[in-house]
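Before any comments, here is the structure.
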Amino acid sequence: LPQAEQHYLKAVQVDPKNIEGHMNFGVFNTHVMKLEQAKHSFEQVLRIDGSSFRALFMLGSVYMELREYYPALANILYALRMDPEHLESRILLAEIYRRIGRYDTAATELIQLVETHPEMMSGWVRLAIIYVETNRHEEAIPMFEYVIEQGIQDPQVFEICAVLHEERGDLERARELYQQTLLLYPEHPHATSGLERLNNQPDMGAALLGS
């Protein structure tokens with residue numbers, strides 16, 4: 001075993017009721033994507049202390065990564081009863097609702113979040129993605145443009161926004177966004193093909209002049 005893993009494992013073997021040891025071991029296994037082991041560690045914490053907010057949140061996160069959405073939902077809802085304003089839990093709750101197809105509920109959660117915390121760029125992005133997935137493209141575009149204006153550096157945001165502008169016929173803005181995507185991620189396949197597609201569009205002005 002790696003040295004760090006040995007350290008965390010030894011801590012809980014020496015004292016099986018060592019809450020901090022189980023938490024640390026769970027967080028370590030989460031980071032290295034040993035999710036079943038992480039789940040076991042957080043469950044151990046909750047057996048010792050059922051009111052551990054951190055263990056509930058981490059267990060909910062792990063369940064979501066494992067695509068076990070209903071246990072994830074139960075843990076996050078319980079955590080939010082303890083701390084209704086915990087922003088990461090609220091973001092995670094909306095994502096769980098999105099994953100299980102409850103788009104309206106997810107959107108409502110995110111709208112409430114960004115109304116009180118407009119600085120939460122991840123809330124705006126997730127809400128915009130839900131609008132894209134539910135064919136509310138005209139509502140999604142201003143949200144993507146807002147987070148871009150605020151300085152977000154996420155190639156996915158630029159690329160999705162570019163596609164939406166291309167769909168609505170704003171080819172110049174689409175081109176700008178594809179180019180910005182490629183500045184962040186030069187090998188981005190969709191942005192590369194999108195830019196090539198736009199560059200191969202006929203020049204309508206020249207065509208009209210030549211007719």
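Given a 1.4 Å probe, how much area per residue of the stretch 115-197 is accessible, in Å²?
The answer is 53 Å² per residue.
I'd like the GluC sites (Glu not before Pro) in the stretch 78-155 restricted to DSSP loop residues with at most 15 other Cβ atoms within 10 Å, sorted by number.
Passing sites in the stretch 78-155 are GLU85, GLU119.
Report the full-extension gain for the segment ASP83 to GLU5: residue separation times 0.36 nm, less the Cα-Cα distance, to one decimal in nm.
25.0 nm
Using a/c under 1.5 as the rounded threshold, could you call the stretch 122-184 rounded, prolate or oblate? The axes a ≥ b ≥ c are square roots of the C-alpha gyration tensor eigenvalues, and prolate needs a/b larger than b/c, oblate otherwise.
Oblate is the answer for the stretch 122-184, as a/c is 1.5 or above yet b/c matches or exceeds a/b.
Shape of the stretch 1-56 from its Cα gyration tensor (a ≥ b ≥ c, root eigenvalues): rounded if a/c is under 1.5, otherwise prolate when a/b > b/c, or oblate?
oblate
Determine the share of the stretch 53-211's accessible area contributed by carbon and sulfur atoms, expressed in whole percent, with a 1.4 angstrom probe.
Of all accessible area on the stretch 53-211, carbon and sulfur atoms account for 52 percent.
Name the shape class, rounded, prolate or oblate, that the alpha-carbon gyration tensor gives for the chain, where a ≥ b ≥ c are the square roots of its eigenvalues, rounded holds for a/c under 1.5, and otherwise prolate holds if a/b is larger than b/c and oblate otherwise.
Verdict is prolate for the chain.
Could you order the peptides 36-42, 64-70 from most to least packed, using the average number of other C-beta atoms within 10 Å per residue?
In descending order of packing, they fall as 36-42, 64-70.
Pairs of Cα atoms under 8 Å, at least six residues apart: use those to get the relative contact order of the chain, whole percent.
Worked out over the chain, it gives 8 percent.
The values are calculated or read from the model by the stated rules, or taken from the named source; none is laboratory data. Just so we're clear, the structure is a prediction, and the values are computed from it rather than from any experiment. Note that we place each Cβ from the backbone using ideal geometry, even for glycine, and neighbour counts take in every protein chain shown. SASA here: full protein model, heavy atoms, side chains in, ligands and nucleic acids out. Shrake-Rupley method; radii C 1.70, N 1.55, O 1.52, S 1.80 Å.
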